[in-house]
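The values are calculated or read from the model by the stated rules, or taken from the named source; none is laboratory data. Computed from a predicted structure; not experimentally measured. Cβ sites come from the backbone with ideal geometry, for glycine too, and all protein chains shown count toward neighbours.
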Ligand SMILES: O=P(O)(O)OC[C@H]1C[C@H](OP(=O)(O)OP(=O)(O)O)[C@H](O)[C@@H]1O
């Protein structure tokens with residue numbers, strides 16, 4: 001097999017298995033090529049991944065070594081994507097009562113959701129996470145996108161106990177915006193004790209939902225290493241209970257009366273090494 005043909009196959013495999021350690025013998029056998037040739041192929045691939053601005057290959061030496069694709073969107077590409085997303089969110093037709101925004105169209109676009117997942121993963125690959133945690137419903141597609149690039153499972157917190165979830169742990173929390181007492185439920189078998197997780201959700205207003213998930217995760221003795229939200233609302237009455245989070249978009253001003261929304265890029269670039 002020619003190097004050019006081999007490189008196509010190897011690159012497809014690497015991009016389909018982000019964060020997974022792939023041994024050189026695996027590629028040698030798969031493509032019937034010497035390890036020295038495979039090693040040269042991987043050097044070429046690594047240069048191209050960085051040229052394309054989508055990450056790099058990490059090499060782990062030794063018998064149990066190999067390579068691992070570390071997703072990382074280059075700053076110019078992520079800034080361009082977030083600028084377009086911020087602009088789309090400035091549509092006054094998205095304004096909902098209570099200062100919420102209609103975002104389900106964006107959450108229904110596989111390519112948009114995948115790119116959002118790639119951006120969060122770019123910021124979280126160094127955290128050695130065991131799982132991505134979200135709460136039903138709108139956070140679910142984003143959590144799967146992030147988890148697919150981190151090569152970890154998704155854990156879904158529910159708002160109501162279901163017989164199909166087995167035995168569960170539940171907590172009550174105040175949903176900041178509506179000042180309503182709500183419940184969060186998580187099946188006992190979803191996380192091992194001391195799991196390192198990130199929390200992902202689509203929107204954060206008062207932060208009550210995120211804070212509820214943190215309380216629930218405390219019951220599992222899980223370690224919340226990061227919190228990621230697609231959009232954060234302006235924090236008017238300074239009621240926000242969550243302070244350490246990564247947001248892609250910030251809704252800087254919602255003027256319901258004059259039907260105006262102003263958005264900016266969130267604090268994402270403060271949390272990502274260039
Ligand atoms: O910061 P807070 O004031 O708590 O609000 C953020 C919540 C509210 C909204 O969820 P809902 O629309 O209530 O529920 P679902 O995701 O199931 O649509 C959003 O998806 C966040 O989870």
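If we scan region 246-255, do we find a residue that is without any contact (Cβ under 8 Å) to a residue 12 or more places away in the chain, away from the ligand (no atom under 13 Å from the Cβ), assigned by the TED database to the domain that holds residue 113 and part of a helix (DSSP H, G or I)?
So in region 246-255, the residues without any contact (Cβ under 8 Å) to a residue 12 or more places away in the chain come out as 255.
Now narrow it down to the ones that are away from the ligand (no atom under 13 Å from the Cβ): 255.
Still in the list and also assigned by the TED database to the domain that holds residue 113: 255.
Within this subset, residues satisfying the condition of being part of a helix (DSSP H, G or I) are none.
No: zero hits.
Sort out which residues of region 181-196 are closer than 28 Å to residue 98 by Cβ and either touching a residue at least 24 places away in the same chain (Cβ under 8 Å) or near the ligand (Cβ under 10 Å from one of its atoms) (or both), and write them in order of number. Please lay out each step first, then the result.
Restricting attention to region 181-196, the residues satisfying the condition of being closer than 28 Å to residue 98 by Cβ are 181-186.
Hits for region 181-196 are 182, 183, 184, 185, 186.
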Inset, instruction - Among the residues of region 127-169, write down those that are in contact with a strand residue (DSSP E or B) (Cβ under 7 Å, 6 or more places away or on another chain), over 30 Å from residue 22 (Cα atoms) and either touching a residue at least 40 places away in the same chain (Cβ under 8 Å) or within 14 Å of the ligand (Cβ to nearest atom) (or both). - result: 135, 136, 138, 139, 157, 158, 159, 160, 169
Inset, instruction - Kindly list the number of the only condition in (1) over 30 Å from residue 17 (Cβ atoms); (2) out of contact with any helix residue (DSSP H, G or I) (no Cβ under 6 Å at 6 or more places or on another chain); (3) surrounded by fewer than 18 Cβ atoms within 10 Å (Cβ to Cβ) that fails for residue 207. - result: (3)
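For residue 265, indicate whether it is crowded, with 20+ Cβ neighbours inside 10 Å, touching a strand residue (DSSP E or B) at 6+ places or on another chain (Cβ under 9 Å) and under 24 Å from residue 91 (Cβ atoms).
Here the answer is no, as residue 265 does not meet what is asked.
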